[in-house]
Every structure is written in C-alpha cells, then in structure tokens.
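Peer 1: Mind having a look at this structure? Questions to follow.
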Amino acid sequence: MGASLLDAVLAETLDPAYAQAAAARAAGGPRPTRRRRAALVAATMAVAGLLFSVTYDQAAAGAEGREEVREALIGDIQRESDASDDLATELESLTEEVTGTRDEVLDNSVVGQRALDELDRAERGAGAVRVTGPGLLVTLANADPEADEDPVGGTTAEDPRGRVADGDLQLVVNALWAAGAEAVSINGQRLGPTTAIRFAGEAVLVDFKPVTNPYEISAIGDPESLSRKFLASPQVSALAFIAETYGLRFEFAREDELTLPPASTAELRFALPPADEPADTGSDETAPGPDPTPGG
Amino acid sequence: MIPILGLAAGVLLGLLFDPTVPLWLQPYLPIAVVAALDAVFGGFRARLDGIFDAKVFVISFVSNVVVAGLIVFLGDQLGVGAQLSTAVVVVLGIRIFGNAAAIRRHIFRA
C-alpha cells in the first residue's frame, strides 16, 4: 500500500483529466471557441502571477517589519543604558564633591580629624574608594558551543550546565576573600560588604547591575600568598573539576597592577551626633557611629 | 505566448498596486503559491504533450489552490497545520519536479 501510494504520486505527475479531455475531444466531443479559451488561460495565469508577487511582497514585508522592530528595541535599550551610565557618572562626580567638602570641613577641627581617620578606615572596608595594587585576575567563562552542533534543525539551546552560574562566581569570590584579598571586583563592579551576586533569568547581577560572559574577577592582595591560598581552597578544586567536566573556562593570572573602582555608595542608615558639639564646625554634621550596624 | 503575457501582467499588477491581503488569508498564501505552481507546470507539460485543455487547466488551477488552502485551514483547526502544510508541499513538490522533468525532456530531448 505504502509503495503503491508513493508510486502513484511519483508516476502520475500530470493531472489525468488532461488525457481524458484529449480522449473526449478525439471521440468528437464539443470544442469551445479558440478565443474564449485563450482569454480564460491568460486570466488564470494573471491570477497566478498576482498570487506570486503578492506572496513575495508579504514575505519580504514580514521580514522587514521584524527587522525594524528589532532595531528599534535595540536602539531603546542602548539609549536607556546610555542614560543610566550618564546618571552613574553624575552620581560619581557629585559624590566626589560631597566627599571633598566633607573632608574640608572635618579637617578644620581635632574632633573632625579624628572622625576623618575613622571614616577613612570605614570607607576602605566598605570599598567606597578606588584602590590600585598588585593582585590576582581570575577569568571564568561559559563553555564554547559544541563544534559539531548542527546549525540547521539542531538544538540551538546551549547546555545550561556549560554556563557560569551565580554560585560559581560566589564561590570564587568567597575563596578570594578567604585567601586574604583586600578588594574584589567582577567585570569592573566593585564588591562592597553588602553587594549581592545573584541570577536574574539568564543574567548574572552584581550589585543589581548585569555583568556578562566572560567574567573577570580581580582581587587585590599579595599575589604570591593570594594565589597559593586560593589554589589550596577545596572549593576552588571542586570548581576546577566542574569546569573541566563541562568545558567552562577557568583561568587565573597574577597581575602587577590592578585598579578597582569604588563600589556604589551605601545609603546612610545610621548616624550619631558627636558627643561634644564643637562650636566652630557645623553642628549638624553627622559622623558614623562607632558601631554602624545597618538598621535593615 | 498569451498565457506568458498574462503571467507577466499579473506579476506587474501585484508589484504595482501592492494589494493588501486580509490577515486571516495570509497564512495560506505560500501554500496557494505552491499549488498554483503545480497547476501551471502541469498545464505547460500538457501543452507540450499536445493534450492541453483550457477547461481542465482552469479547473485544476482553482481547485488546487482552494483544496491546498482548505487542507491547511483544516489542519490549523485540528492543530496539525504545520504537518499538513508539509504534506501538501511534499506531494505538490514531487509533482512539480516530475512535470519539470517531463518539460525538460520535451525541450532538450534528453
């Protein structure tokens, strides 16, 4: 049955009605006028042509429309992210201005100077200032797509196990802290004490800003002891094994000079008035308390 | 000659006036084109075979287009539209190929 159906499809490519009509004509059936027949055929062919060109138009317009919408969306994203970058730059310069003014005012009194020293230490700990120094550069990257992956009809979704997850980055960062890193950043996003590294959909967010593959984690500290302790950490060996298994890129290098930007400024949540209010400086100047535990 | 002029006129008309197709009809356009191609190739081959008949050509053209559209429409309603489209394209494609081969044999004697 299957073979005969295929045979019929393959053998009978011409409509049998033509042969029947020819046989009927040969038997002496009625013949329509020549002119009417030509007009009929021409009209049908015109319909066919119309069909071809309209379909072509539709397909072309559809592809064009999709491309236009895509371009517009990409433009929107770029514009908004530019605006966000501008605002971040403005915030940075304003913060610098505020810091400068604060330092100037505090510098005028002994109490202020003491507060300034304390503030300096706190800021260093909170990652609020730019730091430069030697350190370690760890690179984590997603697995390369399989070489024999079929681009036509094959699965285009990449293996989720070949992607760097937030947990991998957390593991590396924690190992770096444990190895004695003084400051850490991921793709230029400095990690402060309250910075979160987490997943949102398929993107890794550091401090609620997306970072993308490949992930470069810079840590400042003594390169020798940092790399020794980092490599000795059992979590790092586990991650190296995972990277080997799923084809992730996991490398590290010692760097002579790394510059880490300041972390985003923390909100001021806790403040104490100075114990003895000096008359010469602004009395409403607040200094961080000795134990600034965040209220939230 | 006249049929070819008709085809060219149709293509020009479509390109010049750019008629808007109702949205519900748009999914059936590609399959209608394949069906129309089948009818046109069949007619051309019949002409070369010397058994062309205008009535058969017109009826086969219209019924081809309508039936192909109906099959796909029915498939869409049943949730197998894509598969039925493939079936229609495969069967008509084989026929177009066969007719094209016959036309080639007529023209080039090979």
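Each value in this text was obtained by applying a stated rule to the coordinates, not by laboratory testing. Predicted, not measured: the structure shown is a model, and the values here were computed from it. A quick note on method: Cβ atoms are made from the backbone with ideal geometry, for glycine too, and the neighbour counts reach across all protein chains shown.
Peer 1: Roughly how tilted is helix B:81-108, in degrees to the nearest 10 and between 0 and 90, from the longest Cα axis of chain B?
Peer 2: 10
Peer 1: How much net charge surrounds A:ILE217 when only other residues with a Cβ under 12 Å from its Cβ are counted (Lys, Arg +1; Asp, Glu -1)? Mind showing how you got there, number by number?
Peer 2: Details: positive: A:ARG190; negative: A:ASP168, A:GLU216, A:GLU251, A:GLU255.
Combined, the nearby Lys, Arg, Asp and Glu give -3.
Peer 1: Simple spin-label model, 7 Å along Cα-to-Cβ: A:VAL9 to B:GLN26 in nm?
Peer 2: Placing both labels 7 Å beyond Cα along the Cβ direction yields 3.0 nm.
Peer 1: Another question, if that's okay. Taking amide H positions as placed in the peptide plane 1.01 Å from N, state which residues far from A:VAL204 in sequence (5 or more) or on other chains have amide H under 5 Å from it.
Peer 2: The answer is A:VAL211.
Peer 1: In peptide A:55-66, how many Cβ atoms from other protein chains are near each Cβ within 10 Å, on average?
Peer 2: Values: counts 11, 6, 7, 6, 4, 0, 1, 1, 0, 0, 0, 0.
Per-residue shielding by partner chains comes out at 3.
Peer 1: Show me, for the stretch A:97-106, the HN-Hα J-couplings you get by feeding each phi into the Karplus relation (A = 6.51, B = -1.76, C = 1.60, θ = phi - 60°), rounded to Hz, glycine and proline as x.
Peer 2: 4, 4, 4, x, 4, 4, 4, 4, 5, 5
Peer 1: Only Lys, Arg, Asp and Glu count, each charged at its Cβ (+1, +1, -1, -1), so figure out the dipole size of the stretch A:33-89 about its Cα centre, rounded to 20 debye.
Peer 2: 1380
Peer 1: Residue by residue through the stretch A:182-189, what is 3J(HN,Hα) from phi via Karplus (6.51 cos²θ - 1.76 cosθ + 1.60, θ = phi - 60°)? Round to whole Hz and write x for glycine and proline.
Peer 2: Here the 3J(HN,Hα) series is 8, 8, 10, 9, 10, 6, x, 9 Hz.
Peer 1: Take the alpha carbon gyration tensor of chain B, find the square roots of its eigenvalues, order them as a ≥ b ≥ c, and report rounded if a/c is under 1.5; if not, report prolate when a/b exceeds b/c, else oblate.
Peer 2: Oblate, because a/c is 1.5 or more while a/b does not exceed b/c.
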